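Here the structure is laid out as structure tokens; the discussion comes afterwards.
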Amino acid sequence: MEEVNKDEQEKFPLTAWEMSVAALVVLGFAIGLAGVYLTMPASDFTFVKLPRSLEDLQILRDNLESYTSDYTIQVLVWYCLVYIFMQTFMIPGTIFMSLLAGSLFGVFNGVALVVFAATAGASSCFFLSKIIGRPLIFSMWPDKLIFFQAQVAKRREKLLNYMLFLRVTPALPNTFINVASPIVDVPYRIFLLATFIGLIPAAYVTVRAGITLGELQSVGDLYDLQSIVTLFLIGIVSVTPTLIRSKSETIQHH
């Protein structure tokens, strides 16, 4: 019987209580979206779906543009709820939502909106993972988790710089960082600050591209060599103070 239970746990690592917590969170988002829907004018909202391609995104943008000026609050609330939901439950496609922000609201407002929604979504994922994430992350990314845990332990005193580096560069996926951080005891204040500051450069690149949405041929066009090099340079700058301090401490010890 124990072997059967073990097999079942491997196939589905969450307990009934953990599933209940996740279901309650989903219900909360559903109520929020229903509230937005009920305050919008009667119309055909079949165009509202999570974009999976640039074509989907252009259709969504074309339809939402007519609502953005008259129902700005509802569109903003809808946008934030969807973005935060996607981040919380690790649903791919937030890059399309960032492009949409640029297309609908412009660069400055778009970056502010994306950074707010992404930080809130990452925080939501952080706290949900703290409650139910351990079995999931051990089953999905065991090797990455061991590596991340070792790096966090080694850089405990200068952790903010390291977390900033991770956020700015594509060294580790943002989804993994959101889920794994509470498991390896990254303090939330450091997680929050690194997320808020570290997401700004990538948000700027994506939101700016959203303004010329019709010219994009693929998502790959967003991150050309120049953009990737720039993000890595920003990441290196973020960890430079740590490297300088470590070197000076080593010299003093000798």
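Any read-out appearing in this document is the output of simple, stated calculations on the displayed coordinates, not a laboratory observation. This is a predicted model, so every value here is computed, not measured. Positions of Cβ are generated from backbone atoms using ideal geometry, with glycine treated the same way; all protein chains shown enter the neighbour counts.
Cβ-Cβ distance of Phe108 and Phe138, R₀ of 45 Å, FRET efficiency by 1/(1 + (r/R0)^6): the value works out to about 0.65.
Peptide packing for 192-200, 163-171 was compared via the average number of neighbouring C-beta atoms within 10 Å per residue; ordered from the highest value, the list is 163-171, 192-200.
Modelled this way, with points 7 Å down the Cα-to-C-beta line, the labels at Asp62 and Val26 are 3.2 nm from one another.
For Leu50 and Ala34, calculate 0.36 nm times their separation in residues minus their Cα-Cα distance, and state this gained length in nm to one decimal.
So the chain would gain 4.2 nm between Leu50 and Ala34.
The length gained on full extension between Phe127 and Glu157, counted as 0.36 nm times the residue separation minus their Cα-Cα distance, comes to 8.5 nm. One chain, two ends: Arg189 and Ser69. Fully extended at 0.36 nm per residue, the span grows by 39.6 nm beyond their Cα-Cα distance.
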